[in-house]
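Novice: Below is a structure I'd like to ask you about.
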Amino acid sequence: MRQTQTQPTQYSNTRTSNYKCDGRTHCSQMTSCDEATYFLRNCPGVKMDGNNDGVPCEQQWCR
């Protein structure tokens, strides 16, 4: 019996693949809720969650 090796499956999240931490920190600099959420979860120093509930830009993008 021949054993085959399998490669680990890589999953890509296309929604976040277009985003990168680039120094933007405010909701007015975002273009969508998805983008703001990516920045909140992945980028240091953002100022997009004033009430610290984990949802960014609630008045502008993430209603």
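Novice: Among the residues in the range 28-40, are any modelled with pLDDT under 95 and among the hydroxyl-bearing types (Ser, Thr, Tyr)?
Specialist: Looking for residues that are modelled with pLDDT under 95 and among the hydroxyl-bearing types (Ser, Thr, Tyr), one finds none in the range 28-40, hence no.
Novice: Determine whether the range 40-48 contains at least one residue that is small (Gly, Ala, Ser) and either in a loop (DSSP other than H, G, I, E, B) or at positive phi (or both).
Specialist: Checked the range 40-48: at least one residue is small (Gly, Ala, Ser) and either in a loop (DSSP other than H, G, I, E, B) or at positive phi (or both).
The values are calculated or read from the model by the stated rules, or taken from the named source; none is laboratory data. On a predicted model such as this, the values are computed, not experimentally measured, just so you know.
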